[in-house]
């Protein structure tokens, strides 16, 4: 026997045409869909991966959602980051079990969730935002995933300074990251990795110019394109339409300032 | 004061033209480069992110390598996976702190390292390969990173069956993954995620055909393109050359077999 | 003074949000749009590039359509080829003033129009299709552009053979081009260029296998991705969505068969 | 019998590993290669598409070069444009039989050749450059192709003005096209198409800003990616490496200036 769903679990139901529904299982609830109603009590203590039926007899798959499934269903009020970008930046920023990572802004908390999930119970995410409504939405999204206790949400404009010190990884999802590089460098461990995502080339140019002047080195700019294929063995081909752009990713390492050139000795 | 390098640490030295050197710091060693010699004893107990000089006066940056830096320097005898693909598959397979994940084959151990790093001290990686020489190389690479104890290396052809049960995530980096789907489905948790990387479209077609017949659902095929830019503020543009292809990624969920259609009752 | 529109000309009107209307100017006609009515009599003998107004005062640009504008407005019953692919294949097949080129099938005549336009009054397009309805649609589309007299439409399945000889350039837009390679090689000039567009990788594999066996050489497979940007100086960035796939382009040169290995002389 | 090569023809020889040689056939010449010597006298009056052998017995294909083959072998002193971009711009600028088109600068004459080839004997290419050495190189390249008489080479900085009037298509391959838009608009037919290629995003932003102020409309920015595949039926896959960038293409239509807002009547 496999692993069973429990009351309180997040569950994903997948119906016709791969339409997905994400819900927290509560015995008293029902899931309403175009293909009929599913009672949560029928979904609890079922093996994950089971086929279940709505009251009108339409089949659904009952799956435990992966992190990626959850990210794609996060309630949002702002543009969220895409898995293709998140996957790469987690690796690029060395965010893993036990890591401390700082981000600004919090936004809807999608990236915050991925960070909190990746650092595990012994890691820590510090997330700044100056908008209370966004942090409240993010807190609800994190709480639903059981990840809230790994995250320190700080309601503050980072222009006023960042309190933590020796942070090894910082991610800025802000329109003008170049304005905060002094504060960011102070909060970072020397050698730590800074990441940022920016939608326009003009923003990238402004950030690049500023990084040079704030003791950041090994600067790297890239973009990631994810192309899905129709998964038909006999007619394999890319999908007709694809996402053309999310943002440019910029990475850099915090380094020590060059030593000032020694002034001429007084008496030469 | 920031964090200091210690004897035994992996260190990355970055010199002119971003040429990188990865080395384990040992007081008695020297690093030979085209830009002069660096004595390890001068690199130990230095702040990470420092600027250091070779005996001939050329400046290097002393950095603590990230997981990605390490992957790109892994000693290899086979094609290794690229960070663009690894980042996405970690997210797609929900590999994080505490996860148990199974891969085949081990190869040079680059993906094994990334998996072991991501699952943390409470997770587990089970890695099959039928070539002893590859598993020995992988073991050395893992040991150097302090990750060997999280990994069970199994020297066996997976066609003979996979012992573990209820594995939530499996990754196959093998030329003919379709040959092992019966064994893989048995080893997997129902609802678990299977991933694979395949260089050619013909291989993808063969895997797609087989997935349909082995109770795998929600099949997805994609490819990831990573495009680097010249990081010059006033002349921002993509690099002239880019990686055109690594492999197609195929993902699927292990599901329960459909119920057989009931045969007519014997006597009405 | 610039060049003036004439009755009978094809005209393109561009309104709000770049909405485009293609119409043949006839003094008695009106163009109905969501932004009001434009009388053709007000559009005739106006300078191309003028700003004109609908009866409700909304401004439109009056432009002479380019070949590309026309292709994008071709009435179709089948998938038409995209300018990104047509532009490359014209160059790749050396289709220019005075060329004779053969295509099959005719389809809606979009590529036929581009070929006929490119070969000029001294060139010739021979276009085969086995469906009468498609050739009638293509004939209407070609006639509207004044290109019909450069085109020989042949209502015939090319499996029955191709009559012309010494054709330097052939383009096959058919699902199974590999079935006709014997006929195609006979119709082609030795050294001539064959092109084909195929949506799936399986079709490409089948064509490649057949080309090897039919004295075609220098085989090349490629795909072209066209990515549009938002044309805003201060916020330059790619469009959110792009076309992910049209088809794979396959090109080859008709070459002479290798000489058979001489059999041993009868009597030494 | 097929078409035969003649003395004076351009010929392409294709040897092992698809190595290509472009040469003008002259009875007294020899082609030296790593795979032996080919005497031109053995290549003249041979059928195009023939297999020929060097003195050391290595086989070559004898082909009549296409325009694209010629472009890829153009002698150059500057970066030349790539076929993927040329094919699209010919279509986008409606350059075909009988067209008059203006370009600046001439460069090595690769685009000039493609334009001259496409406009045919009744068309005209006007090409400006301020460097005499480039125009001399371009003239030699054009002459070799028999295209020189279709081209008016003008040795002049276009900042000083452009003489022709009512030009329907203009292409600027210059680092600062925004400096010449007044002159360009004057030389163009109203409604005509302007194209430009620019390597950096900063240049694109500057051009976009200027186009708005010089009565150009319907501005479009795009880039074209061409991805080659290994043409092996059983192992179809993209090439490992691809061209990552050539330039951004910018297109716009010359339109009439908006009518000035009527000033208040003198006496109310």
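For the reader, a short list of remarks on this structure follows.
- Exactly one residue out of B:181, B:207 is in contact with a strand residue (DSSP E or B) (Cβ under 6 Å, 6 or more places away or on another chain) and either modelled with pLDDT of 95 or more or assigned by TED's automatic domain parsing to the domain that holds residue B:157 (or both), and it is B:207.
- Residue list for segment B:104-135, filter: in a helix (DSSP H, G or I), farther than 22 Å from residue A:95 by Cβ and in contact with a strand residue (DSSP E or B) (Cβ under 9 Å, 6 or more places away or on another chain): B:132, B:135
- Under the condition of being surrounded by 21 or more Cβ atoms within 10 Å (Cβ to Cβ) and either part of a helix (DSSP H, G or I) or out of contact with any helix residue (DSSP H, G or I) (no Cβ under 9 Å at 6 or more places or on another chain) (or both), the residues counted in segment B:55-64 number 3.
- Among the residues of segment D:244-262, those that are under 18 Å from the mean Cα position of the chain (by Cα) and either within 13 Å of chain B (Cβ to nearest Cβ) or on the phi > 0 side of the Ramachandran plot (or both) comprise D:245, D:246, D:247, D:248.
- The one condition from (1) at pLDDT 95 or above; (2) within 28 Å of residue D:256 (Cβ to Cβ) that residue D:175 does not meet is (2).
- Looking only at segment B:7-54, residues that are closer than 16 Å to residue A:255 by Cα and part of a strand (DSSP E or B) come to 9 in all.
- Count - residues of segment C:69-93 that are in a loop (DSSP other than H, G, I, E, B) and at pLDDT 95 or above: 1
- Those residues of segment B:72-112 which are more than 7 Å from chain A (Cβ to nearest Cβ), free of Cβ contacts under 8 Å to residues at least 60 places away in the same chain and in contact with a helix residue (DSSP H, G or I) (Cβ under 6 Å, 6 or more places away or on another chain), in sequence order: B:80, B:106, B:108, B:109, B:110, B:112
- Every listed requirement among (1) more than 30 Å from residue A:189 (Cβ to Cβ); (2) crowded, with 20+ Cβ neighbours inside 10 Å; (3) in the same structural domain as residue A:158 (by TED's automatic domain parsing) is met by residue A:89 save one, (1).
- Members of segment A:49-67 found to be at the interface with chain B (Cβ under 7 Å from one of its Cβ atoms) and within 22 Å of residue B:215 (Cα to Cα), listed by number: A:49, A:50, A:51, A:61, A:63, A:64, A:66
- Among residues of segment D:186-210 being in contact (Cβ under 8 Å) with a residue 12 or more places away in the chain and surrounded by fewer than 20 Cβ atoms within 10 Å (Cβ to Cβ), the one that is farthest from residue C:237 (Cα to Cα) is D:186.
- Single condition residue D:35 does not satisfy, out of (1) modelled with pLDDT under 90; (2) surrounded by 14 or more Cβ atoms within 10 Å (Cβ to Cβ): (1)
- For segment B:7-21, residues that are away from chain A (no Cβ under 14 Å) and modelled with pLDDT of 90 or more total 1.
- Test: residue in segment C:24-31 that is farther than 30 Å from residue D:63 by Cβ, in contact (Cβ under 8 Å) with a residue 60 or more places away in the chain and not assigned by TED's automatic domain parsing to the domain that holds residue C:116: yes
- Within segment A:213-224, the set of residues being touching a strand residue (DSSP E or B) at 6+ places or on another chain (Cβ under 8 Å) and more than 7 Å from chain B (Cβ to nearest Cβ) comprises A:215, A:216.
- Residue count, segment D:22-48 (criterion: more than 26 Å from the chain's Cα centre (by Cα) and within 13 Å of another protein chain (Cβ to nearest Cβ)): 3
- Counted residues, segment B:241-268 - those being modelled with pLDDT of 95 or more, in a loop (DSSP other than H, G, I, E, B) and either touching a strand residue (DSSP E or B) at 6+ places or on another chain (Cβ under 7 Å) or more than 29 Å from residue D:199 (Cα to Cα) (or both): 3
- Residue count, segment A:122-156 (criterion: touching a helix residue (DSSP H, G or I) at 6+ places or on another chain (Cβ under 7 Å), closer than 25 Å to residue A:23 by Cβ and within 14 Å of another protein chain (Cβ to nearest Cβ)): 3
- Positions within segment D:132-176 being without any contact (Cβ under 8 Å) to a residue 60 or more places away in the chain and crowded, with 16+ Cβ neighbours inside 10 Å, in sequence order: D:134, D:135, D:138, D:139, D:142, D:147, D:148, D:150, D:151, D:153, D:154, D:158
- For the criterion of being buried (at least 20 other Cβ atoms within 10 Å of the Cβ), in contact (Cβ under 8 Å) with a residue 60 or more places away in the chain and within 18 Å of the chain's Cα centre (by Cα), residue B:129 fails.
The values are calculated or read from the model by the stated rules, or taken from the named source; none is laboratory data. Keep in mind that this is a model prediction, so the values were computed, not measured. Using ideal geometry, Cβ is built from the backbone for each residue, glycine included, and neighbour counts are taken over all protein chains shown.
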